[in-house]
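Since the structure comes first, as structure tokens, the remarks are kept for the end.
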């Protein structure tokens, strides 16, 4: 009896493992990675979207060997970052945040824009909120530098709900209700944004010159001026340094 | 003669496509050379290509990041992509380098890496990460000049006057060197 039971479990265990491995490798073959908020192009499904300064270019990459450019949409001057979220693209430009629908992936449609003064401004977003950093100075423009938070529940009319002034904000990353904002020489600020209109600063790191971040499960991958630093963020508001890979 | 030179200057200037020119505040002497930047050109066939090094190399100018599975990719501005083995994050380290001139951005789906190589977009098959293969190239899709924040190859690395770029079908600017130049094109920021 014991032997039979053992055999049964062994077989069950083994076959389930095999199945998991199969689907894992299938997923790996089509998985898309994760970029930072400063990315100039991004992949969603079978399409690659490229923000080339004044135009949004669309590539069909269903079959990478025979990838083709599908279209090109004129935008305003100074487009430089692109952040995908579900069926939308959030595009940061020198004069505002643009939101495109990619429900029809080959033909992005402009849903709305939140214009602001000239600045450099990457965006991250979730279902209801978009977070934009506005960096001033040359060549970005004169601006009240800080974190600008928009309610995008009504996607066609983004509403500015908070302007949190802070110096030299750059790339940013969102992990559930925690927002990481790089501030170059001024470090990395960690906010709780569970109430988006009232971000609460929970922690500030000033160890490095922070440029951009990618929250990746329990890992915070940071682009710093000299390379890369990795933090364990199992506790999201208390990063623990794991590795520094610089120079 | 003076008139001719003057109009030639204007024509040259306009063709620079560099918006920061402000005649009202400028007192530049077009006849006089100053220390500035001169572009170095190389044939497309020499620089528009992918080369893989199975050894780590130092970071020159840290750039954007990308992550997929156990590998982190970090751009070295204008030079290529460092591969960082992140299987064990506390021991994460650079393990290889993809040389890709003019590179600033990376995106990956499955076994295919998309990256800019100067003004081209290349698709690189990384099924075997130690032997990446270029499978597709979109020529000239990064072609717009942002005068304030140009792509790395479009303007010198720092402020100052520079020799206005020439555009060729079969060669590219690959780097900038200090040299004595006329006061036409100028990077202000």
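Here are some notes:
- Residue within the range A:226-240 that is surrounded by fewer than 19 Cβ atoms within 10 Å (Cβ to Cβ) and within 9 Å of another protein chain (Cβ to nearest Cβ) present: yes
- Only one entry of A:244, A:230 meets the criterion of being touching a helix residue (DSSP H, G or I) at 6+ places or on another chain (Cβ under 6 Å), at pLDDT 95 or above and closer than 15 Å to residue B:73 by Cα, and that entry is A:230.
- Some residue of the range B:5-14 being at pLDDT below 95, more than 14 Å from chain A (Cβ to nearest Cβ) and in contact with a helix residue (DSSP H, G or I) (Cβ under 8 Å, 6 or more places away or on another chain): no
- Test: residue A:186 is more than 16 Å from residue B:65 (Cβ to Cβ), surrounded by fewer than 17 Cβ atoms within 10 Å (Cβ to Cβ), out of contact with any helix residue (DSSP H, G or I) (no Cβ under 9 Å at 6 or more places or on another chain) and at pLDDT 95 or above: no
- Of the residues making up the range A:72-81, none is in contact (Cβ under 8 Å) with a residue 40 or more places away in the chain, more than 14 Å from every other protein chain (Cβ to nearest Cβ) and surrounded by fewer than 22 Cβ atoms within 10 Å (Cβ to Cβ).
- Of all residues in the range A:51-61 being at the interface with chain B (Cβ under 10 Å from one of its Cβ atoms) and modelled with pLDDT of 95 or more, the one that is farthest from residue B:151 (Cα to Cα): A:61
- Filter result for residue A:213 (part of a strand (DSSP E or B), over 16 Å from the mean Cα position of the chain (by Cα) and either facing chain B (nearest Cβ under 10 Å) or under 23 Å from residue B:87 (Cβ atoms) (or both)): no
- Going through (1) farther than 20 Å from residue A:92 by Cβ; (2) surrounded by 14 or more Cβ atoms within 10 Å (Cβ to Cβ); (3) free of Cβ contacts under 8 Å to residues at least 60 places away in the same chain one by one, residue A:217 falls short only on (2).
- Looking only at the range B:36-76, and only at residues there that are more than 14 Å from every other protein chain (Cβ to nearest Cβ) and either closer than 26 Å to residue A:224 by Cα or more than 22 Å from the chain's Cα centre (by Cα) (or both), the one that is surrounded by the fewest Cβ atoms within 10 Å (Cβ to Cβ): B:55
- Of all residues making up the range B:134-165, the number that are in contact (Cβ under 8 Å) with a residue 12 or more places away in the chain and over 12 Å from the mean Cα position of the chain (by Cα): 18
- For the range B:118-133, the condition holds for no residue, the condition being that it is farther than 24 Å from residue B:47 by Cβ, more than 22 Å from the chain's Cα centre (by Cα) and crowded, with 22+ Cβ neighbours inside 10 Å.
- Of the residues making up the range B:77-108, those that are surrounded by fewer than 22 Cβ atoms within 10 Å (Cβ to Cβ) and farther than 25 Å from residue B:153 by Cα are B:85, B:87, B:88, B:89, B:90, B:91, B:93, B:94, B:95.
- Scanning the range B:84-110 for residues that are more than 7 Å from every other protein chain (Cβ to nearest Cβ), in contact (Cβ under 8 Å) with a residue 12 or more places away in the chain and over 20 Å from the mean Cα position of the chain (by Cα) returns B:85, B:86, B:87, B:95, B:96.
- Pairs where the first residue, in the range A:155-174, is on the phi > 0 side of the Ramachandran plot and the second is part of a loop (DSSP other than H, G, I, E, B), C-beta under 9 Å, 6+ apart: A:168/A:136; A:168/A:145; A:168/A:183; A:168/A:185; A:168/A:186
- Residue within the range A:163-172 that is assigned to a strand (DSSP E or B), under 13 Å from the mean Cα position of the chain (by Cα) and modelled with pLDDT of 95 or more present: yes
The values are calculated or read from the model by the stated rules, or taken from the named source; none is laboratory data. Since this is a predicted model, take the numbers as computed values, not measurements. Positions of Cβ are generated from backbone atoms using ideal geometry, with glycine treated the same way; all protein chains shown enter the neighbour counts.
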